[in-house]
Amino acid sequence: MRVILASSEVVPYSKTGGLADVAGALPKALARSGCDINVITPRYTGFGARRGDVVSHETGSLIFDDLQVPFGGTVKYASVWLDYLDDAPVYFIDNDEYFGRGYIYGYGDFDAERFAFFSRTVLELAKRLGPPPDLVHCNDWQTGFIPAYLQSVYAGDPYFQHTRTLFTIHNLAYQGHFNPGLLSHLGFGWDVFQYGMEFHGVASAMKAGLSFATALSTVSRRYAEEIQTPEFGNRLDGLLRARRGDLLGILNGVDYSEWNPEIDPHLAAHYSIHDLSGKRECKRDLLREFRLPEDLDRPVIAIVSRLTVQKGIDLIADAIWRILDSGAYFVLLGSGGQSYEDYFQHVRDMRPSQVGVYFGYNTALAHRIEAGADMFLMPSAYEPCGLNQMYSLRYGTAPVVRGVGGLDDTIANFEPTTRRGNGYKFYEYSAERLLEKVYEALLAYYDAETWQALQRNGMRADHSWDRAAHEYLDAYRKIITWRR
Ligand code: ADP
Ligand code: GLC
């Protein structure tokens with residue numbers, strides 16, 4: 001089976017969030033399973049990436065510089081670079097006009113144009129690379145144009161006659177809206193707008209993906225159900241209900257070659273489920289890094305996150321003083337959201353011996369926090385999958401989560417009497433419920449045996465990508481037999 005995976009971000013080359021982790025890890029696991037997988041992504045050049053963006057210019061070697069792409073009423077050119085993620089080739093689309101700008105995402109209509117160009121180029125590159133793909137796996141709105149192009153511009157193209165598409169939703173809230181006046185410039189006729197791209201008067205790249213793809217998926221079972229409701233559906237729940245027979249939920253995996261406390265190069269000490277003693281060293285190291293007193297018996301409560309409404313930062317802001325009154329340390333690594341930054345800087349200034357904050361993006365520190373913390377907060381308003389709670393499990397750090405999306409699918413509330421469960425979970429979106437769970441966790445923390453039982457339950461979980469990749473392969477096999 002020949003598959004193309006298109007993504008606007010891929011670890012380790014570019015990243016603003018979990019989509020990049022997925023696009024960097026899934027292909028490796030697919031290649032291990034014998035799938036002929038080819039990743040295609042933009043090559044972001046230019047300097048001055050936004051805070052919170054990771055952009056690397058190490059993108060392998062130039063393989064050709066004359067790819068022609070009919071676009072914007074003319075023919076544009078792209079260069080193509082090739083690198084490998086283990087056995088999976090990654091092709092980079094290099095075009096200065098669209099990707100030489102020092103940022104991954106900008107705003108509005110120009111972004112729609114940039115990623116429509118990317119989507120069109122994916123299809124033109126496919127043709128150049130050889131045999132037709134059986135399936136193009138699209139991810140989020142930036143690639144929602146691909147199914148739309150296949151159903152319109154390329155509908156009669158014999159090369160794509162047997163090509164099917166899977167459109168994966170990583171976050172339904174970002175939809176790529178743009179002015180319909182741009183459609184003809186992107187190469188779309190009015191019918192495409194009318195029959196699948198129109199969203200309350202504007203054009204929507206997300207809706208294009210949802211309307212025109214052969215099949216749909218999202219990154220947890222729970223989120224697949226949630227997005228069919230008005231509460232989580234971002235006004236697309238009607239369409240998702242109509243297509244629920246084509247909608248799968250496949251939980252993301254964890255790249256255990258990156259996230260494993262037994263070998264993690266970022267840590268001061270290593271540890272495993274059999275011997276947790278190294279975790280104490282990691283805690284000491286973390287407290288030192290944040291210049292906090294090294295009182296190892298006090299719990300460290302942590303968060304690593306984009307600072308947005310999605311992540312439930314408001315609940316933490318609301319609960320923080322009461323959390324601190326319990327005597328725990330609080331450590332935050334976050335990026336984006338100036339008002340949140342100001343707030344938590346204020347918290348740090350008020351309690352300098354109890355709170356550590358780092359604003360910006362720092363992968364090594366993210367690893368050290370997972371290892372050095374005792375509890376990890378994820379009270380998300382919504383969470384398609386979430387990766388940090390799965391990292392926390394492996395690092396013996398108890399996740400305290402709100403039971404939405406992938407958080408609900410991966411975390412079971414710990415019951416001290418039966419010693420079952422791997423974290424703490426509440427449902428109502430309120431600071432009080434969050435606090436209750438933090439207090440429950442603190443209670444367990446001060447009983448060493450109970451706490452170790454909880455840690456081991458978490459560390460035992462297997463969320464490897466190989467498992468997720470098999471689910472994707474099964475889905476691919478099924479989808480290629482469907483009508484486009
Ligand atoms: P989302 O994609 O919605 O941000 P995920 O939990 O799927 O949420 O993925 C977030 C990823 O980004 C994780 O790999 C996490 O460790 C990382 N991350 C988030 N914020 C930061 C930060 N400030 N510094 C380093 N890594 C971060
Ligand atoms: C999105 C979601 C996050 C998910 C990630 C990867 O960024 O917000 O929950 O884990 O995509 O699928």
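The values are calculated or read from the model by the stated rules, or taken from the named source; none is laboratory data. If you're wondering where the values come from, they're calculated on a predicted model, not measured in any experiment. Neighbour counts are summed over all protein chains in view; Cβ atoms, including those assigned to glycine, are modelled from backbone coordinates with ideal geometry.
Counting just the residues of region 223-250 that are buried (at least 21 other Cβ atoms within 10 Å of the Cβ) and farther than 18 Å from Gln310 by Cα, which one comes out farthest from the chain's Cα centre (by Cα)?
Selected residue: Leu240.
Which fully enclosed helices (runs of 4 or more DSSP H) of region 204-271 have 2 or more residues being over 20 Å from Thr165 (Cα atoms) and within 15 Å of ligand 1 (Cβ to nearest atom)?
Passing ranges, in order: 221-226.
Check Tyr44 against each of (1) away from ligand 1 (no atom under 16 Å from the Cβ); (2) without any contact (Cβ under 8 Å) to a residue 60 or more places away in the chain; (3) in contact with a strand residue (DSSP E or B) (Cβ under 9 Å, 6 or more places away or on another chain) and name the one condition it does not meet.
Unmet for Tyr44, out of (1) away from ligand 1 (no atom under 16 Å from the Cβ); (2) without any contact (Cβ under 8 Å) to a residue 60 or more places away in the chain; (3) in contact with a strand residue (DSSP E or B) (Cβ under 9 Å, 6 or more places away or on another chain): (2).
Check every one of the helices (runs of 4 or more DSSP H) wholly within region 430-484 and list those with 3 or more residues that are more than 24 Å from Asp297 (Cα to Cα).
431-445, 465-479
What number goes with the only condition from (1) under 21 Å from the mean Cα position of the chain (by Cα); (2) within 30 Å of His367 (Cα to Cα) that Ala215 does not pass?
(2)
Being closer than 24 Å to Val3 by Cβ and within 16 Å of ligand 1 (Cβ to nearest atom): is that true of Trp81 here?
Criteria not met by Trp81.
Within region 140-194, which residues are touching a helix residue (DSSP H, G or I) at 6+ places or on another chain (Cβ under 8 Å) and of a type in the set (S, T, N, Q)?
If the condition is that a residue be touching a helix residue (DSSP H, G or I) at 6+ places or on another chain (Cβ under 8 Å) and of a type in the set (S, T, N, Q), then Gln142, Thr143, Gln151, Ser152, Thr163, Thr165, Asn171, Gln175, Asn179 are the ones that fit.
Looking at Ser61, Ser7, which one is within 16 Å of ligand 1 (Cβ to nearest atom), in the same structural domain as Pro132 (by TED's automatic domain parsing), of a type in the set (S, T, N, Q) and modelled with pLDDT of 95 or more?
Within the list Ser61, Ser7, the selection yields Ser7.
Keeping to region 65-82, report how many residues are exposed (fewer than 13 other Cβ atoms within 10 Å of the Cβ) and either closer than 22 Å to Leu186 by Cβ or touching a residue at least 60 places away in the same chain (Cβ under 8 Å) (or both).
5
Can you name the residue in region 383-421 that is of a type in the set (Ser, Thr, Tyr) and surrounded by fewer than 24 Cβ atoms within 10 Å (Cβ to Cβ) and, of all such residues, is farthest from ligand 1 (Cβ to nearest atom)?
That would be Thr417.
Please verify whether Glu370 is among the acidic types (Asp, Glu), within 13 Å of ligand 1 (Cβ to nearest atom) and either part of a helix (DSSP H, G or I) or in contact with a strand residue (DSSP E or B) (Cβ under 6 Å, 6 or more places away or on another chain) (or both), treating the condition exactly as stated.
Taking the combined requirement at face value, the residue satisfies it.
Does Leu324 satisfy being buried (at least 17 other Cβ atoms within 10 Å of the Cβ) and outside any strand (DSSP E or B)?
When the stated conditions are applied, Leu324 passes them.
What's the total number of residues in region 335-346 that are at pLDDT 95 or above and either surrounded by 20 or more Cβ atoms within 10 Å (Cβ to Cβ) or out of contact with any helix residue (DSSP H, G or I) (no Cβ under 8 Å at 6 or more places or on another chain) (or both)?
7
Which count do you get for residues in region 283-297 that are away from ligand 1 (no atom under 16 Å from the Cβ) and touching a helix residue (DSSP H, G or I) at 6+ places or on another chain (Cβ under 9 Å)?
Number of matching residues: 9.
Can you run down the residue pairs with Cβ atoms below 6 Å, 6 or more apart or on separate chains, where the first is in region 154-173 and within 12 Å of Pro131 (Cα to Cα) and the partner is outside any loop (DSSP other than H, G, I, E, B) and within 16 Å of ligand 2 (Cβ to nearest atom)?
Within 6 Å, no pair qualifies.
Every residue, every condition in (1) aromatic (Phe, Trp, Tyr); (2) over 25 Å from the mean Cα position of the chain (by Cα); (3) under 25 Å from Ala25 (Cα atoms), yes or no:
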position: Leu443; (1), (2), (3): no, yes, no
position: Ala448; (1), (2), (3): no, yes, no
position: Gln452; (1), (2), (3): no, yes, no
position: Asn457; (1), (2), (3): no, no, yes
position: Trp465; (1), (2), (3): yes, no, yes
position: Ala468; (1), (2), (3): no, no, yes
position: Asp474; (1), (2), (3): no, no, yes
position: Ile479; (1), (2), (3): no, no, yes
position: Arg483; (1), (2), (3): no, yes, no
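Can Gln345 be described as assigned by TED's automatic domain parsing to the domain that holds Ala441, away from ligand 2 (no atom under 16 Å from the Cβ) and in a helix (DSSP H, G or I)?
Here the answer is yes, as Gln345 does meet what is asked.
Condition first: within 17 Å of the chain's Cα centre (by Cα), part of a loop (DSSP other than H, G, I, E, B) and away from ligand 2 (no atom under 16 Å from the Cβ). Now tell me which residues in region 356-367 satisfy that.
Result: Asn362, single match.
Take Ala20 and tell me if it is in the same structural domain as His162 (by TED's automatic domain parsing), away from ligand 2 (no atom under 16 Å from the Cβ), more than 18 Å from Leu123 (Cα to Cα) and not in a loop (DSSP other than H, G, I, E, B).
no
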